[in-house]
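Working notes for the structure below.
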Amino acid sequence: MAAVHEDEDSEGGGEEGVLTPEGLADDYSDVMDDSFAVLKRDILGDYEPLPGDEHPPSLDDPAEARADDGEGEGEGEAEGKEGEGDAEGEGEGKEGEEGGDEEGDEGDGDGEEGDDGESAAAPVTTQWEEFSNKGGVCVKKGWKSDNEVAPIFKAVGIIPNCTPEDVLHKVILNPDDAAVKVWNPTHGGNVVICETDRDDLRHVRLFINKQDGGVGGLVSPRDFGQLSAWEKDSNGRIWYFSTSVDDDSVNEPLPGYTRGTLWPSGFMLEPVPNANATRVHYTMHADLAGSLPRFIIDLAIPPQMCNFFEGAALVVSKKS
């Protein structure tokens with residue numbers, strides 16, 4: 001499905017005024033890269049490898065989640081060339097001595113960039129604490145150093161008798177609202193504006209997500225204008241994120257809904273070695289907006305995240 005955008009430079013509904021699946025992936029490539037990086041940092045910050053996993057994911061390998069599309073291989077080759085031979089290292093040392101003055105000048109330039117705040121920005125850290133641990137699902141609550149608006153939650157657990165692909169397609173991306181409600185009872189449906197082919201290596205979707213009221217009526221219906229994407233790494237892990245975006249086609253809240261904000265949140269689905277099971281890492285970082293006290297957030301989000309694991313197990317066990 002494509003969405004038509006009003007464009008002053010476009011006359012008569014020309015191509016520049018139409019959002020196409022191909023254009024969607026191009027227009028939001030930076031958002032996708034940044035969101036995957038945030039998701040990876042949030043999940044792997046206190047990651048515990050599975051027993052028997054010979055290739056655990058690493059924060060030091062940002063291309064790992066895109067290894068299937070060739071970026072990881074190219075970067076690996078480049079890194080290999082940089083490290084070849086002691087002779088190269090000696091040569092670089094000589095160049096460093098001869099060009100000391102030039103490097104000094106460049107150093108001054110780097111300092112100027114720091115004045116802009118980019119190179120001097122402090123890394124984002126998250127202070128995690130265990131929120132709950134029952135039924136084999138551990139939920140942690142954290143506060144990010146760059147965000148005091150709302151806490152982030154992370155749930156980790158294992159879903160038996162399924163692959164990461166099962167969890168992605170039968171649960172997370174299932175177009176049947178009834179199936180989604182099994183694991184997310186407040187799900188009110190999605191209004192899909194545009195999406196790429198679901199069989200693409202990097203599936204991208206622009207949509208409005210509707211959430212019915214919850215917590216015994218204390219939370220009224222919310223909606224979120226979101227971009228989501230998923231991709232698979234060379235070790236069989238699937239990464240899926242969703243985040244709020246600024247796009248004319250999703251900016252206006254639907255009638256009867258309060259517009260919330262979703263910062264990069266999502267899933268990492270990894271196969272359990274020597275078992276037909278998937279370990280799920282699930283993050284949720286959202287501002288439900290309105291005038292909700294913080295304890296309501298604790299009553300609304302973590303229970304829904306825990307319900308995911310039980311509901312997903314039910315959904316994947318059903319024969320399609």
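What's the total number of residues in the stretch 47-66 that are of a type in the set (Asp, Glu) and either open to solvent by less than 60 Å² (accessible area, probe 1.4 Å) or modelled with pLDDT under 75 (or both)?
4
Kindly check whether there is at least one residue in the stretch 144-153 that is open to solvent by less than 10 Å² (accessible area, probe 1.4 Å), within 19 Å of the chain's Cα centre (by Cα) and closer than 29 Å to residue 317 by Cα.
yes
Residues are listed down the side, and each one gets a yes or a no for (1) among the hydrophobic types (A, V, I, L, M, F, W, C); (2) in contact with a strand residue (DSSP E or B) (Cβ under 7 Å, 6 or more places away or on another chain); (3) over 19 Å from residue 38 (Cβ atoms); (4) open to solvent by less than 30 Å² (accessible area, probe 1.4 Å):
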{"residue": "225", "(1), (2), (3), (4)": "no, yes, no, yes"}
{"residue": "243", "(1), (2), (3), (4)": "no, yes, no, yes"}
{"residue": "258", "(1), (2), (3), (4)": "no, yes, yes, no"}
{"residue": "263", "(1), (2), (3), (4)": "yes, yes, no, no"}
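Only one of these is assigned to a strand (DSSP E or B), open to solvent by 20 Å² or more (accessible area, probe 1.4 Å) and farther than 19 Å from residue 299 by Cα: 204, 192. Name it.
Numbers: 204 fails: open to solvent by 20 Å² or more (accessible area, probe 1.4 Å).
Just a single option satisfies the conditions, and that option is 192.
Six or more apart or on different chains, Cβ atoms under 7 Å: show the pairs whose first residue is in the stretch 284-311 and on the phi > 0 side of the Ramachandran plot and whose second is surrounded by fewer than 21 Cβ atoms within 10 Å (Cβ to Cβ) and among the basic types (Lys, Arg).
Hits for this filter: 289/259.
Is it true that residue 234 is hydroxyl-bearing (Ser, Thr, Tyr), in contact with a strand residue (DSSP E or B) (Cβ under 9 Å, 6 or more places away or on another chain) and in contact (Cβ under 8 Å) with a residue 40 or more places away in the chain?
The answer is no for residue 234.
Has the stretch 251-259 got any residue that is free of Cβ contacts under 8 Å to residues at least 40 places away in the same chain, within 19 Å of residue 187 (Cα to Cα), of a type in the set (Ser, Thr, Tyr) and in contact with a Leu (Cβ under 6 Å, 6 or more places away or on another chain)?
Looking for residues that are free of Cβ contacts under 8 Å to residues at least 40 places away in the same chain, within 19 Å of residue 187 (Cα to Cα), of a type in the set (Ser, Thr, Tyr) and in contact with a Leu (Cβ under 6 Å, 6 or more places away or on another chain), one finds none in the stretch 251-259, hence no.
The values are calculated or read from the model by the stated rules, or taken from the named source; none is laboratory data. Please read these numbers as outputs of a predicted model, since none were measured by experiment. Methodologically, a virtual Cβ is constructed for each residue, glycine included, from the backbone with ideal geometry; neighbour enumeration extends over all protein chains shown. When the accessible area is computed, the model is the full protein with side chains, heavy atoms only, and any ligands, DNA or RNA have been set aside. Shrake-Rupley method; radii C 1.70, N 1.55, O 1.52, S 1.80 Å.
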